[in-house]
Amino acid sequence: MGLKTQKLENELTQNRISIMLSQIQPHFLYNSLLSIKQLCDTQPRKASVALEHFSYFLRGSLNSLSDTRLIPFEKELSHVRDYLYLEKMRFEERLNIEWDITFSDFLLPPLTLQPIVENAIFHGIEPKGDGSGTIDIYLNQQDKSIYIHIVDNGIGMTTEQIEQLLNPEESPKNRRGLNGIGISNINQRIKMTYGQEYGISITSKPGAYTDVLICI
């Protein structure tokens, strides 16, 4: 293994740790636990279910820290569903999730999907005037490639902001406040795993939508 490759893998490992830690920031833990506490007083059965999702999410995050192998898409999807369950407690009817998952028999790097869904909520939908919106998550397949779309109808991005998001080392201050390190890390891991022709691409219209496409 060359020194350049080893250096890149070390950087990706450190960035993967940063992604994992960003998922369990104190504000997220606080908001989730506060919502569960409120349910304990009014809907204890629902609170019990919420605690299950909370514990599954934490376990999935910690497992992703040490798991460097490809994982089943179903496992990553389960992690996303636990995360979204907790966010739905906070947003309630203001957050709508639409799924179109017709196949799942494939592998991908851990922490590929969840950080992008998180960005869609916090930096796409939440900044809207009414703080509400929809996230569409759907898959399609062409030849030997699988395409995963995460689409939000949030505030959107300019071409410059997209470039800042995909290349944070060149544009460290992202005006949208997105997790550029996380997105670029996912992009690099996909390219290292599958080849340079694969990775993440983003299309967006300010004030309308953002479509993050993962190609593996």
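Computed from the coordinates by the stated procedures, all read-outs in this text should not be read as laboratory data. Only a predicted model underlies this, so the values are computations on that prediction, with no experimental measurement involved. FYI the Cβ positions are ideal-geometry reconstructions off the backbone, even for glycines, and counts take in every protein chain you see.
One table, with the values for the structure above:
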| item | result |
| --- | --- |
| Positive-pole candidate from Ile125, Ser78, Pro115, dipole of the stretch 72-203, charges at beta carbon | Pro115 |
| Length released on extending from Arg69 to Leu107, taking residue separation times 0.36 nm less the Cα-Cα span | 12.7 nm |
| Additional length obtainable on full extension of the chain from Arg59 to Lys144, 0.36 nm per residue less Cα span | 27.4 nm |
| GluC sites (Glu not before Pro) restricted to DSSP loop in the stretch 76-171 with at most 14 other C-beta within 10 Å | Glu169, Glu170 |
| Vicinal HN-Hα couplings computed from phi for the stretch 140-145 (Karplus, 6.51 cos²θ - 1.76 cosθ + 1.60; Hz; Gly/Pro x) | 8, 9, 9, 6, 9, 10 |
| Check: the stretch 24-159 dipole with +1 on Lys, Arg Cβ and -1 on Asp, Glu Cβ, in debye | 400 |
| Calculated FRET value between Thr203 and Asn31, using beta carbons and R₀ = 41 Å, to 0.05 | 0.85 |
| Estimated distance in nm for a label pair at Thr134 and Met192, the labels positioned 7 Å out from Cα along Cα-to-Cβ | 3.8 |
| Förster radius 22 Å - calculated FRET efficiency between Phe122 and Glu98 (Cβ-Cβ, nearest 0.05) | 0.75 |
